[in-house]
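Every number in this text was worked out from the coordinates using simple rules, so none of it is lab data. This one's a predicted model, so the numbers in the text were calculated from it and none came from an experiment. Cβ coordinates were reconstructed from backbone atoms using ideal geometry, including for glycine residues, and neighbour counts include every protein chain displayed.
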């Protein structure tokens, strides 16, 4: 089932959501607790709109002003407001929903920026490996035990695996690898394509073409380099404290 955001949240706020919609809503709230607050705000706002519309109808009736368009009562006893009030209510709710949806739909974390920040945290000792091992299979098993369910890519490096750490984005556990080659520290961040499709993570616009072609992208950054590529449904981000031309030589030729 595809959920339309405006109709879906309005149904939740009005208490007329299906069991499937409620289940979807509960999952969203686990990912972002703010959504529950947004729905409460939507519910309160829609109630205020109904009250304001009804009061205006009553006021016009009491003052015996120009006749207002007839409103009717349905078989269920629900008052059908005049068309102009319905239009105003719908417009107001649409505007509210737009602002409610914006916070969690438009705040994708930049994959490059987060990778660079994580690298600096590792270099500065603020972030340390949770599992120390030089064996990829052992580290992959650790990642699985921590709830990482997507495919992990064993990239052939001319470097030694040091270990890894687990993070979480909107309920999805993510894998981070640390390698070393002499004095060079190499950090790799692997994330599933699903998070990019959902707008939780994003690559810079200049890198988008490389997502679709599968080609490798590299650029020099402050005190090092950043490299990106996609392997099937996995996005890989690598940061190292050496220029990109040197970092490229650390990959085994022909590795994908």
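Worth pointing out:
- Overall shape of region 149-244 was characterised from the C-alpha gyration tensor. The equivalent ellipsoid obtained from it has semi-axes of 21, 17, 12 Å, in decreasing order.
- Length-normalised contact order for region 124-256 - Cα pairs under 8 Å, 6+ apart - percent: 21
- Sorting 220-229, 186-195 by average packing, meaning the other beta carbons within 10 Å per residue, from highest down gives 186-195, 220-229.
- Extended-chain gain in nm, criterion 0.36 nm per residue less alpha-carbon gap, residue 37 and residue 205: 57.3 nm
- With the cut-off at under 15 Å, measuring from each backbone N in region 178-195 to a point 7 Å along the Cα-to-Cβ line of residue 158 picks out 180-184.
- Stretch gain in nm, segment residue 129-residue 193, where the contour uses 0.36 nm per residue and the Cα spacing is subtracted: 20.6 nm
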